[in-house]
Amino acid sequence: MTDPVSTLDFWEACYQAGKTGWDRGETHPALLAWQASGQIEPCRIVVPGCGNGYEVISLIESGFDVTAIDFAQAPLEALKPKLAKKNLKCELLHADVFSYHPSVKFEAVYEQTCLCAIDPTKRETYEKQIFSWLNPGGKLFALFMQAPEIETGPPFTCSIDEMKTLFPAERWQWPTDAANKYDHPNAAIFELSHMLTRR
Ligand SMILES: C[S@@+](CC[C@H](N)C(=O)[O-])C[C@H]1O[C@@H](n2cnc3c(N)ncnc32)[C@H](O)[C@@H]1O
């Protein structure tokens, strides 16, 4: 049986109704911090579940070769004129992340709250997808949603213990430094940023 919260209809309805509480309205500060520290540098990068795509714009403007994916049409249609106005180019894919198989692999994945939008029963498949998109040594820039008070998702909380099981050390090198915490302006949720390296 298809779970209702992982369906395209659910996400389209959120966008149509303006129920987009996750949307920061601007580039995530974690991306700006990664850029300022030089941890993320221009490369071929994919942004799954890009939504309204503030980070897509920032990445293109910073010289990245960006592929952005979302299965909801509404945010992509909103993003297109913003890109055109700035004369920015990227590969904008109206696609399901579970059926995306790039012909050329990526050097980085920017995962900002797509994982927490996916039913937890599908997480292992999502991890396999991300792993398959990256070259060995490729980076996963992840914002893991922490929504422990919310019993049903989305967002489905992504505790670091669960993430360490989902992204196991045999496949992913975890950083030794602590995560940075990013409060969410619209809700009692926050994200933890981690940069993982695909083995
Ligand atoms: C919580 S929103 C985050 C959007 C954006 N990354 C942000 O932080 O503003 C999750 C996004 O993932 C998209 N999404 C969820 N499941 C997806 C799937 N299977 N394939 C492609 N996109 C998906 C939704 O349409 C939605 O735009």
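The values are calculated or read from the model by the stated rules, or taken from the named source; none is laboratory data. Here the structure is a predicted model, which is why all the values come from computation and not from measurement. Neighbour counts run over all protein chains shown; Cβ positions are idealised from the backbone, glycine included. We work out accessible area using only protein heavy atoms, side chains counted, and drop any ligands, DNA or RNA first. Shrake-Rupley method; radii C 1.70, N 1.55, O 1.52, S 1.80 Å.
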Exercise for the section: Could you check the simple spin-label distance between Glu170 and Lys105, using points 7 Å along Cα→Cβ, in nm with one decimal? Expected result: 1.8 nm
Fill in the blank from the handout: Scattering profile of segment 147-199 from the Debye formula, Cα beads only, expressed as log10 I(q)/I(0) at q = 0.31 Å⁻¹, is -1.26
Fill in the blank from the handout: Quick shape check on the chain: root eigenvalues a ≥ b ≥ c of the Cα gyration tensor, a/c under 1.5 is rounded, otherwise prolate if a/b tops b/c, else oblate, and it reads rounded
Practice task
Give me the percent of the accessible area of segment 1-81 that comes from carbon and sulfur atoms, probe 1.4 Å, all protein chains in place.
Solution key: 54 percent
Practice task
Quick one: dipole size for segment 1-96, taken about the Cα centre, charges +1 on Lys/Arg Cβ and -1 on Asp/Glu Cβ, in debye to the nearest 20.
Solution key: 360 debye
Handout entry: Measure of compaction for segment 44-119 (Cα Rg per 2.2 N^0.38 Å)
Key = 1.02
Fill in the blank from the handout: Carbon/sulfur accessible area of segment 106-199, % of total, 1.4 Å probe, equals 50 percent
Problem - Probe 1.4 Å, accessible area per residue of the chain, Å² - result: 49 Å²
Completion exercise
Restricting to Cα pairs under 8 Å and 6 or more apart, the percent relative contact order of segment 9-141 works out to 24 percent
Fill in the blank from the handout: Cα extents of segment 90-199 along the principal axes, largest first, in whole Å, come to 40, 34, 27
Practice task
Along Cα→Cβ, 7 Å out, is where each label goes; now give me the distance between the ones at Ser62 and Thr152 in nm to one decimal.
Solution key: 3.8 nm
